[in-house]
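Before any comments, here is the structure.
The values are calculated or read from the model by the stated rules, or taken from the named source; none is laboratory data. Fair warning: this is a prediction, and the values are worked out from it, not measured in the lab. Every residue, glycine among them, receives a Cβ derived from its backbone with ideal geometry; neighbour counts consider all protein chains shown. The accessibility values were calculated without ligands, DNA or RNA, using every heavy atom of the protein model including side chains. Shrake-Rupley method; radii C 1.70, N 1.55, O 1.52, S 1.80 Å.
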Amino acid sequence: MVPSELRYTTDHEWVRVDGGTATIGVTDFAAQQLGDVVFVDLPSAGTKLDQFGTFGVVESVKAVSDLFAPLTGEVTAANEALAGSPELVNSDPYGEGWMVRLRLASPDEVGELLDPPAYDALIAAG
């Protein structure tokens, strides 16, 4: 399932843009590949992120994986619910399992991300 209103990265993060703010998480495909998520380490509000730079870590029963920022900006919120319920990444990756919200520094970067058909093609190619 690839929601049509989102943009995607080749590292399997999704982005929902609302005005000058972006909400970021990992895709359902990534969550399935990770297996059961047991820990998420996210930056605090005020942290500046560079596009495609590392911004956190997801630990699952299978692996530890870095998270990469799809866009440049300043973190305005991290999903505190994930500290106590990291499994939300698996059960609701596009909703309650979101990771961070950013105030966009370069809104034009959104155009560099994959649209839903391109992301579908990426995961179909394996």
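Just the number, please: carbon plus sulfur as a percent of the accessible area of the chain, 1.4 Å probe, no ligands or DNA/RNA counted.
Carbon and sulfur atoms account for 50 percent of the accessible area of the chain.
If r is the Cβ-Cβ distance from L122 to K62 and R0 is 25 Å, what FRET efficiency results, to the nearest 0.05?
With R0 = 25 Å, the Cβ-Cβ based efficiency is 0.75.
State in Å² the accessible area per residue of the chain; use a 1.4 Å probe, count heavy atoms of protein chains only, and round to the nearest integer.
Result: 49 Å² of accessible area for each residue.
Place the peptides 69-75, 29-35 in order of packing, highest mean first, counting for every residue the other Cβ atoms within 10 Å and averaging per peptide.
69-75, 29-35
If you take the square roots of the eigenvalues of the alpha-carbon gyration tensor of the chain and sort them as a ≥ b ≥ c, do you get rounded (a/c under 1.5), prolate (a/b over b/c) or oblate?
oblate
Label R16 and A45 with points 7 Å out from Cα along Cα→Cβ: what is the distance between them in nm?
Label at R16, label at A45, 1.9 nm between them.
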